[in-house]
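For reference, the structure is listed below as structure tokens.
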Amino acid sequence: MTHEVRVEASPHEVWEVLVDLDSYEKWNPFFVEAAGQLKVGETIHLTMAPVGKDPQSMSPKVLVIAPDKELVWRGRLGVPGLFDGRHTFTIQRIDEKTVLFRQYEHFSGLLVPFVGLAPYRKGWERMDRALEQRVEGRHAEP
């Protein structure tokens, strides 16, 4: 599953918003609560709000941190191999004023065929639009 949005900003400006977990509740309509330290090997705590579904909590493990470029975590439902998701955020410079922000998730495990992913994709779309507005809105602040 993937979704992307163009943002008129530098990679660093997008990165600052993405990694500020404490501010998610102020702007992020998908990850409505977030806590923890974004360090490789650490576990963070998230509450997702998929569109049309009840909020769901998860505690993924941080796998990759490449400032201004990439953040990757892995979430699991129960034991490994049941339902695992490797969630990747990338920030790619398009030109001097624009970046491409992309979310990608690779799902694996026995339950994957039985999980409807549309509510999560819609949540990502909302998050990406909100991130774009938050980052670009910083330019308008005095």
Scan of segment 67-89 for residues that are under 18 Å from residue 31 (Cβ atoms), touching a residue at least 24 places away in the same chain (Cβ under 8 Å) and of a type in the set (A, V, I, L, M), ordered by number = 71, 77
Pairs only if they're at least six apart or on different chains, beta carbon under 6 angstrom, first in segment 38-61 and without any contact (Cβ under 8 Å) to a residue 40 or more places away in the chain and over 11 Å from residue 123 (Cβ atoms), second among the small types (Gly, Ala, Ser) and exposed (fewer than 11 other Cβ atoms within 10 Å of the Cβ); list them, first residue then second.
-> 47/57
Could you pull out the residue among 79, 72, 99 that is surrounded by fewer than 17 Cβ atoms within 10 Å (Cβ to Cβ), aliphatic (A, V, I, L, M) and outside any helix (DSSP H, G or I)?
-> 79
Every residue from segment 6-32 that is touching a residue at least 24 places away in the same chain (Cβ under 8 Å) and in a strand (DSSP E or B) | 6, 7, 31
Would you please name the residue that is nearest to residue 63 (Cα to Cα), looking only at residues in segment 84-142 that are β-branched (Val, Ile, Thr) and at pLDDT below 90?
-> 112
First in segment 104-117 and on the phi < 0 side of the Ramachandran plot, second anywhere and modelled with pLDDT under 80 and exposed (fewer than 14 other Cβ atoms within 10 Å of the Cβ), Cβ under 6 Å, 6 or more apart | 110/82; 111/82
Taking segment 82-96 as the search range and keeping residues that are in a loop (DSSP other than H, G, I, E, B) and touching a Lys or Arg at 6+ places or on another chain (Cβ under 9 Å), which one is farthest from residue 64 (Cα to Cα)?
-> 82
Counting only residues in segment 43-57 that are among the small types (Gly, Ala, Ser) and either at negative phi or part of a strand (DSSP E or B) (or both), the one surrounded by the fewest Cβ atoms within 10 Å (Cβ to Cβ) is identified as 57
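The values are calculated or read from the model by the stated rules, or taken from the named source; none is laboratory data. None of these values were measured; they are calculated from a predicted model. Here the Cβ is made from the backbone with ideal geometry for all residues, glycine too, and neighbour counts use every protein chain on show.
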